[in-house]
Amino acid sequence: MRVLALNCGSSSVKSALLDTSSGRRLQEVHAENVGSDLDSAVDLLLAPYRADQGAIEAVAHRIVHGGEKFVEPVRLDDAVLAEIEQLSHLAPLHNPPALAAIQHARAALPGLPHFAVFDTAFHSTLPDHAREYALPADVRRRYGIRRFGFHGINHSHVARSVAAHLEIDPQKLRIISCHLGNGASVTAIEQGRSVDTSMGMTPLEGLVMGTRAGDVDPGVLLQLQRSDDLDADELDDLLNKRSGLKGLTGTNDMREIEQRANAGDQDCVLAIDMYVHRVRKYIGAYAVAMGGVDVIAFTAGVGEHSALIRRRCLERLEFICAVLDPTRNDSAKLSTEHPIANLGAPSSRVHLLAVRADEELAMARAAASALGK
Ligand code: ADP
């Protein structure tokens, strides 16, 4: 089936026309730094399809936050859109531009079924003990406070691809999926289901990211509010945009940080040490939570391309029989034709893999299965 996937970020839009059975990309366009010009970017991306809607059977849209309600892909109509709009406060940077793009796409391609695929949905299987924060029950209920988790479209894609690649039933695998992009999260996947993940109620929790701090003692925020008079918007800006790698080194580009660390820049050395330490803590925690681990997979910009970060994240894991092969790790090159690379030594019991992130394919397949094809 041919599905057009439209993946709208806070500053970029990607569109890809995919054949869901072969997984092949028939056409692909990226628009970066679209800022306030999102509408015209979407118009431009859809122009080739407008004249020839017969070339496509469905359109899949990525929505970051599906809240409590949307735990699987849903066919879009006005009522569903209104419901999704009500969730915008949960993801103010991401949901509104995606909704605007959907309105545009529905107007441009009115004859086609449109589906929303949610980044939170894969984590709807989190068990209570991984989902809840230890806050009073009435506070949690009143404000809908709980962990949701994100990057679910790609984490589920990783789980499926890994199982297919290894030819092992997903029910029999315990996978730790490390999505290390500009945003970053680790997910523990047992029997094909997300059982814990490092992002929480919002994407702020967990790993050191490009511009987000990840885990911080909440007491620090109280301290900043009290002693520096920072209000909610200022804290939001600090934690979301000025922290993480950017806050530690001045840039969120891991390539530059690696080069500067090599040249002796101590801020960059520390940033890499902290980044890796945090990933390792989650790998350890999730291996214990699942009673073991069969696969550790690295995906997204840093996970796919940085042999150094992968090597550092996997150091001293011989005690769980996870052994990296340095040559395989250094020479791993992912592409559409070779979306998975084996990084493990022959003696490694745990499969160590790099997996090409492919949100568009996962979205397209989700829409196809929602259509029953
Ligand atoms: P997003 O979350 O915006 O989709 P990506 O998954 O594209 O981000 O990841 C972006 C990150 O990947 C950046 O920090 C970038 O520096 C890093 N990256 C890309 N290529 C490399 C590389 N060869 N080595 C190290 N880091 C890389």
Taking each pair of distinct Cα atoms in region 139-215 once, what is the resulting Kirkwood hydrodynamic radius in Å?
13.2 Å
Relative contact order, percent, the chain [alpha-carbon distance under 8 Å, six or more residues apart]:
16 percent
Expressed in angstrom and rounded, the centroid-to-centroid distance over alpha carbons for region 46-102 and region 1-20 is 12 Å
Where the Cα pairs of region 103-169 fall when distances are cut into 10 Å bins, in %
17, 27, 28, 21, 7
Relative contact order as a percentage, region 333-373, C-alpha pairs under 8 Å and 6+ apart, gives 31 percent
Please compute, over every Cα-Cα pair in region 1-83, the percentage with a separation greater than 16 angstrom.
59 percent
Once every Cα of region 65-133 carries one equal point scatterer and solvent is ignored, give the base-10 log of I(q)/I(0) from the Debye formula at q = 0.13, 0.14, 0.16, 0.21 Å⁻¹, two decimals.
-0.40, -0.46, -0.58, -0.91
Per residue, the convex hull volume that the Cα atoms of region 327-373 enclose (Å³):
100 Å³
What ranking do CYS268, CYS8 get, fewest neighbouring Cβ atoms within 10 angstrom at the top?
CYS268, CYS8
In nm, to one decimal, how far is the modelled label at ARG50 from the one at ARG255, with both set 7 Å along Cα→Cβ?
3.5 nm
Taking neighbour Cβ counts within 10 Å as the exposure measure, how do ARG146, ARG75, ARG260 sort from fewest upward?
ARG75, ARG146, ARG260
I need the P(r) histogram for the chain: all alpha carbon pairs, bin width 10 Å from 0 out to the longest distance, whole percents.
5, 23, 33, 26, 11, 1, 0
Kirkwood hydrodynamic radius, computed over distinct alpha-carbon pairs, for region 263-373: how many Å, to one decimal?
15.5 Å
Rg/Rh over Cα atoms for region 206-260, Kirkwood Rh, comes to 1.05
Across bins of 5 angstrom width beginning at 0, how are the C-alpha pair distances of region 254-309 distributed, in whole percent?
5, 17, 22, 21, 16, 10, 6, 2, 0
At R0 = 25 Å the Cβ-Cβ FRET efficiency linking ALA82 and ALA107, nearest 0.05, sits at 0.95
How high is the FRET efficiency between LYS69 and SER40 when r is their beta carbon distance and R₀ equals 35 Å, given to the nearest 0.05?
0.65
Total charge dipole magnitude, region 258-373, about the Cα centre, Cβ charges on Lys, Arg, Asp, Glu only, Debye to nearest 20
260 debye
Equivalent ellipsoid semi-axes - Cα gyration tensor, region 102-141, angstrom
37, 13, 6
Ordered by fewest other Cβ atoms within 10 Å, a rough proxy for footprinting exposure, PHE70, PHE115 read PHE70, PHE115
Shape box of region 193-348 [Cα atoms, principal axes, largest first, Å]
56, 39, 31
Given Cα pairs under 8 Å that are at least 6 residues apart, what percent is the relative contact order of region 136-198?
25 percent
Let me check I have the definition right: for region 68-184, take the eigenvalues of the Cα gyration tensor, multiply each by 5, take square roots. What are those semi-axes in whole Å, largest first?
27, 23, 13
Per the Kirkwood treatment, what hydrodynamic radius in Å, one decimal, follows for region 4-150 from the mean inverse distance over all distinct Cα pairs?
16.4 Å
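Every read-out reported here was derived from the displayed coordinates using simple, explicitly stated rules and does not represent laboratory data. Everything numeric here is computed off the predicted structure, so don't read it as measured data. Methodologically, a virtual Cβ is constructed for each residue, glycine included, from the backbone with ideal geometry; neighbour enumeration extends over all protein chains shown.
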